[in-house]
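Down below is the structure, laid out as structure tokens.
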Amino acid sequence: MNERTRFLAETAVGRLLIRLSLPAMVGMFVQASYNLVDAFFIGHGVGPLGLAATAVAFPFQLMTLAIATTGGVGAASLISRSLGAGDIERADRTLGTLITTATVFGILGALFVWLKLDPLLRLLGATEETFPYARAYVSIILIGVPLQVFGVGLNNAVRAEGNARIAMISMFVSALTNIVLDPLFIFTFKMGIAGAAWATVIAKGAVVVWLGLYYLTGRSALTLRPAHLLPRRDIIAEMLAVGSSEFARLSANSLIVALVVRSVSFYGSDLAVAAYGVISRTLSLAFMPTFGIAQGMQPILGYNYGARLYGRTHRVIALSVTLATIWSSLAWILTQLFPGPIFGLFTPDPALRELGSRALHLVTLGFCCVGFQIIGAALFQALGKARPAFFLSLSRQVLLFIPLLYLLPPLLGLKGVWLAFPGADLLSALVTLFFFRRQMRQLKTAERSSGP
């Protein structure tokens, strides 16, 4: 057993799960705070139309993240494997290829959206009232697209060489910059929605500067030379092959948000779109602890399953499901009992608060099941069972949610849009339960067969 990894088989499961989950939770909380901070200051400084504009713009931001993560995840996998094999030159060339391709794709993506911006905004549900706000916001956000693609890619490369602390600090650099600049630009400089956009762009630029200094000052295990910046086709092909699954997942999120915004705009009003903008950001924060638990569980589960330590495998699954269910149940209780005060944090507008609190109550009706569903999908990823993992990962957001989004609103109007969320949550939990129980029976059988 490798000395550097044997702790995964020997440390108490509970302590090990907390040890590996907490850093992931912190990083994800910081990441989610980006959108929440924007929603808070825009809601109080610009108003409901500003919130509606950011909801319309949200699919653009998710798609940018999908593009950035595709290259970043693919490069990180290749860098870590190259370092492990002692092929430092290939790791260095991968970093250089990542930098060049991230810059090119970031610029091309921003230019494409800029040329098609007006029809795209209309397609996403911008109305005559929200269109000027959405256009002003997205026009500036596009300037930061190359910075985001570049920064996300470099941050993944930092993680690949095992420097999780630097990667986590980069998230704090971005979030704190945004928190400081948002009120300064919106309230002090009276820049309105444009101020929020510029704060976001500068925050993304701060990450690029931070990570650039990390590499240029020689603190990295990788060395970057001008020759490394020439992209290599074999490296690009492998980056895209590895990162394609992340692109599919994140671009599906972008599609879902776009469909919801259009549906809310059709069956509701600009106020309803603004309400969804706040709700989507609030839920992104509520999901983060569960994703952190899943990330902490996966290496423990995969290692012990591979080592045939089925007793520990069973215990880490049970503990992860318990913790995730406790958290999602707590979030469910809070949103069911206090939807008004929670939504009221983001806007002083009484009409928006009333509509938003009702919507938040409906959207989160099934949230108590979400923790189990997320851990269930992550379970099969950790065990290397690609088909059920892929199916369960898409079941809630795509395979079940999209049909419900088309079936319920014609019958129930705007209420049907909100009810599509708990409907998908409950149905996906039942589907996950079917796969989960079968897998747990298999583990029990393997545990009995392996003996004491």
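The values are calculated or read from the model by the stated rules, or taken from the named source; none is laboratory data. The shown structure was predicted, so the numbers you read here are calculated from the model rather than taken from an experiment. As a convention, Cβ positions derive from the backbone with ideal geometry for all residues, glycine included, and neighbour counts pool all protein chains shown.
The table below gives the values:
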quantity: Of the criteria (1) among the aromatic types (F, W, Y); (2) closer than 23 Å to L285 by Cβ; (3) modelled with pLDDT of 90 or more, which one W210 fails; calculated: (2)
quantity: Filter result for the condition that a residue is touching a Phe, Trp or Tyr at 6+ places or on another chain (Cβ under 6 Å) and under 30 Å from R219 (Cα atoms), over V173, V152, V158, V180; calculated: V173
quantity: Criterion violated by K385 - all others in (1) crowded, with 20+ Cβ neighbours inside 10 Å; (2) over 18 Å from the mean Cα position of the chain (by Cα); (3) not aliphatic (A, V, I, L, M) satisfied; calculated: (1)
quantity: The listed residue being farther than 20 Å from D38 by Cα and in the same structural domain as G212 (by TED's automatic domain parsing), out of I107, I143; calculated: I107
quantity: Selected residue (only one of T11, T103, T54 is surrounded by 20 or more Cβ atoms within 10 Å (Cβ to Cβ) and among the β-branched types (V, I, T)); calculated: T54
quantity: Subset of region 383-406 [in a helix (DSSP H, G or I) and among the basic types (K, R)]; calculated: R387, R396
quantity: Test: residue in region 111-130 that is in contact with a helix residue (DSSP H, G or I) (Cβ under 8 Å, 6 or more places away or on another chain), among the polar types (S, T, N, Q), within 23 Å of S254 (Cα to Cα) and without any contact (Cβ under 8 Å) to a residue 60 or more places away in the chain; calculated: no
quantity: Index of the failed condition, T69 passing every other in (1) in contact (Cβ under 8 Å) with a residue 60 or more places away in the chain; (2) surrounded by 24 or more Cβ atoms within 10 Å (Cβ to Cβ); calculated: (2)
quantity: Residue match in region 261-281 (condition: modelled with pLDDT under 90 and part of a loop (DSSP other than H, G, I, E, B)); calculated: no
quantity: Test result for A110, more than 17 Å from F58 (Cβ to Cβ), buried (at least 16 other Cβ atoms within 10 Å of the Cβ) and either touching a Leu at 6+ places or on another chain (Cβ under 8 Å) or modelled with pLDDT under 95 (or both); calculated: no
quantity: Exclusive hit being more than 30 Å from M440 (Cα to Cα) and aromatic (F, W, Y), set F346, F367; calculated: F346
quantity: Filter result (assigned to a loop (DSSP other than H, G, I, E, B) and either farther than 27 Å from V173 by Cα or among the acidic types (D, E) (or both)) within region 202-260; calculated: L230, P231, R232
quantity: Flag if S320 is at pLDDT 90 or above, over 30 Å from D349 (Cβ atoms) and either surrounded by 19 or more Cβ atoms within 10 Å (Cβ to Cβ) or not basic (K, R) (or both); calculated: yes
quantity: Scope region 158-196; condition surrounded by fewer than 19 Cβ atoms within 10 Å (Cβ to Cβ), of a type in the set (S, T, Y) and under 21 Å from the mean Cα position of the chain (by Cα); matching residues; calculated: none
quantity: Residue check, Y276 of a type outside the set (V, I, T), more than 22 Å from the chain's Cα centre (by Cα) and crowded, with 19+ Cβ neighbours inside 10 Å; calculated: no
